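*Asks:* Quick one: structure below, then a few questions.
The values are calculated or read from the model by the stated rules, or taken from the named source; none is laboratory data. This one's a predicted model, so the numbers in the text were calculated from it and none came from an experiment. In this analysis, Cβ positions are derived from the backbone assuming ideal geometry, glycine residues included, and neighbour counts consider all displayed protein chains.
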Amino acid sequence: MKPQRRAPALLAAAVALVALWSWQRGEPQAAETTAAPETQAAAPTPTPGEVPAPAASASAGAPLSPLGQAQRREQLALWQGRLERARMALDGYRIAAQYPHESRPIDEHPDQVRPFEPIAEDRALRLPGGSAAQGVHLKTTQERVFASGSESSRVTLKLEDDAGRTLPLRVTRAVQKEVTPPGRTASTAEFPMPIGNDNGVLSAVMQPAAQGFAAFAGTVRLELMLDYGGQPGFIYFDLTYSPETAATWLPGVREASSAAGIDFFVKAQVLVPGRYVVSARIDDAKGQPVALALFNAEVAVGSTEFRLPVFGKLLRDRQPAFPLQLRDIEAFLLKPDTFPDRVMLPRRAGVQHTSKSYALSSISDAEWSSDERDRYLAELGKDVATAEQKVKALGP
């Protein structure tokens, strides 16, 4: 029985991960449509090679031939598999859709708990020709991979052996340049990058606006030629940069509560209209991450508020200690069909607002409801009913 209980939970996690990706890509309906493949998988459309069961003979009470019995067993196994998949799809969608897209449990998205931590990697020391040096590792960090306006990204690297000991590493050449498509001439000059060294940890700061790329939109690359004991190596760091300023933050966070949950409103002055995607993390009074709150909608020019909700049932289910803390707000203007496809707003790192304290009993524990959710539950329920009828008809 345990594997059967785990399957819907795993599917729910998969559906929820697709929901977050869709919100970040500007497709707020995607989590609903994730049910479609399962719906198709459970649909009663005959598959190639499917042989109709000899139902007429069975209903008439006539004995089946050995071939007919084999065909019936084949059909029964087919529909039993479809019934299992249909039930998994229905249970998984129901669990995933008990909370709205814009208010999700943070443990569904572990990569979003600490969004502003540097990206740390263990990389090979690449030699000329592309082969990797043996017995050594490049430990690197990169502060961010998207930047706008005057934002910067600090990178670090150090060389270690298999035992974790820091090894001497030298940079023989460091340049920052734009990445251009084949056949196109670069519109900016290469920037010689100064490199710092702190006890074997090398570092550089990529700040395109201050390094000759203030009018450039695209990928800026920091290329480093390395030397370890006379052995050459190579590594690079890419930063997707936009010189635009899409919006600026305004001071203050507004809070509103109802039986449906708690809403936080973050204020901004929008300079460029379009679809804005905003995310924030919600911790409880003990510092435990609780929820990921999201905004994804078209916004006009002018002063606005991005609504970041914490759904009531999510609060009731997680039982957080109040007051709640709103922290680490990340936002960008989505620009579909272009590159770069986003213009970042400045990061708002750390706690941005502390809520009032509320009695959980004053908040509803009702599941999220919407027309689309009801429609998909009905369609998935039909798939289950159809498969159940087929299994019953084909059974002993």
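*Asks:* Scan the range 57-68 and tell me whether some residue there is at negative phi and in contact (Cβ under 8 Å) with a residue 24 or more places away in the chain.
*Replies:* No, there is no match, as no residue in the range 57-68 is at negative phi and in contact (Cβ under 8 Å) with a residue 24 or more places away in the chain.
*Asks:* Can you tell me which condition LEU157 does not meet? The list is (1) crowded, with 19+ Cβ neighbours inside 10 Å; (2) part of a loop (DSSP other than H, G, I, E, B); (3) among the hydrophobic types (A, V, I, L, M, F, W, C), and all the others hold.
*Replies:* (2)
*Asks:* Of all residues being at pLDDT 95 or above, part of a strand (DSSP E or B) and among the aliphatic types (A, V, I, L, M) in the range 112-153, which is nearest to ASP283 (Cα to Cα)? Just the residue, please.
*Replies:* Ranking the qualifying residues of the range 112-153, first place goes to ILE119.
*Asks:* Quick one: which of GLY233, GLY229 is modelled with pLDDT under 95, more than 24 Å from PHE116 (Cα to Cα) and crowded, with 18+ Cβ neighbours inside 10 Å?
*Replies:* On inspection, the qualifying residue turns out to be GLY233.
*Asks:* If you take the residues in the range 160-205 that are charged (D, E, K, R) and touching a Phe, Trp or Tyr at 6+ places or on another chain (Cβ under 8 Å), which one is surrounded by the most Cβ atoms within 10 Å (Cβ to Cβ)?
*Replies:* Per the criteria, the residue is GLU178.
*Asks:* Quick one: is PRO194 part of a loop (DSSP other than H, G, I, E, B) and more than 34 Å from the chain's Cα centre (by Cα)? Please lay out each step first, then the result.
*Replies:* On the way: part of a loop (DSSP other than H, G, I, E, B): yes; more than 34 Å from the chain's Cα centre (by Cα): yes.
Here the answer is yes, as PRO194 does meet what is asked.
*Asks:* Name, by its number, the condition in (1) of a type in the set (Ser, Thr, Tyr); (2) part of a strand (DSSP E or B); (3) out of contact with any helix residue (DSSP H, G or I) (no Cβ under 8 Å at 6 or more places or on another chain) that does not hold for SER361.
*Replies:* If we test SER361 against (1) of a type in the set (Ser, Thr, Tyr); (2) part of a strand (DSSP E or B); (3) out of contact with any helix residue (DSSP H, G or I) (no Cβ under 8 Å at 6 or more places or on another chain), just (2) comes out false.
*Asks:* If we scan the range 304-317, do we find a residue that is part of a loop (DSSP other than H, G, I, E, B), without any contact (Cβ under 8 Å) to a residue 60 or more places away in the chain and not assigned by TED's automatic domain parsing to the domain that holds SER152?
*Replies:* No, the conditions are met nowhere in the range 304-317.
*Asks:* Can you tell which of PHE213, PHE234 is touching a residue at least 60 places away in the same chain (Cβ under 8 Å) and within 33 Å of the chain's Cα centre (by Cα)?
*Replies:* Going through PHE213, PHE234 in turn, just one is touching a residue at least 60 places away in the same chain (Cβ under 8 Å) and within 33 Å of the chain's Cα centre (by Cα): PHE234.
*Asks:* Criterion first (out of contact with any Ser or Thr (no Cβ under 6 Å at 6 or more places or on another chain), buried (at least 20 other Cβ atoms within 10 Å of the Cβ) and of a type in the set (Asp, Glu)) does ASP328 satisfy it?
*Replies:* The answer is yes for ASP328.
*Asks:* Could you tell me which residue of the range 337-396 is surrounded by the most Cβ atoms within 10 Å (Cβ to Cβ), considering only residues that are among the charged types (D, E, K, R) and closer than 20 Å to ASP263 by Cα?
*Replies:* Restricting to residues being among the charged types (D, E, K, R) and closer than 20 Å to ASP263 by Cα, the top hit is ARG348.
*Asks:* Could you check, for the range 307-314, whether at least one of its residues is of a type outside the set (Phe, Trp, Tyr) and more than 25 Å from ARG114 (Cβ to Cβ)? Before you say what the answer is, go through the steps one by one.
*Replies:* Let us first name the residues in the range 307-314 that are of a type outside the set (Phe, Trp, Tyr), namely 307-310, 312-314.
Now drop any that are not more than 25 Å from ARG114 (Cβ to Cβ), which leaves 312-313.
Yes: the range 307-314 contains one or more residues that are of a type outside the set (Phe, Trp, Tyr) and more than 25 Å from ARG114 (Cβ to Cβ).
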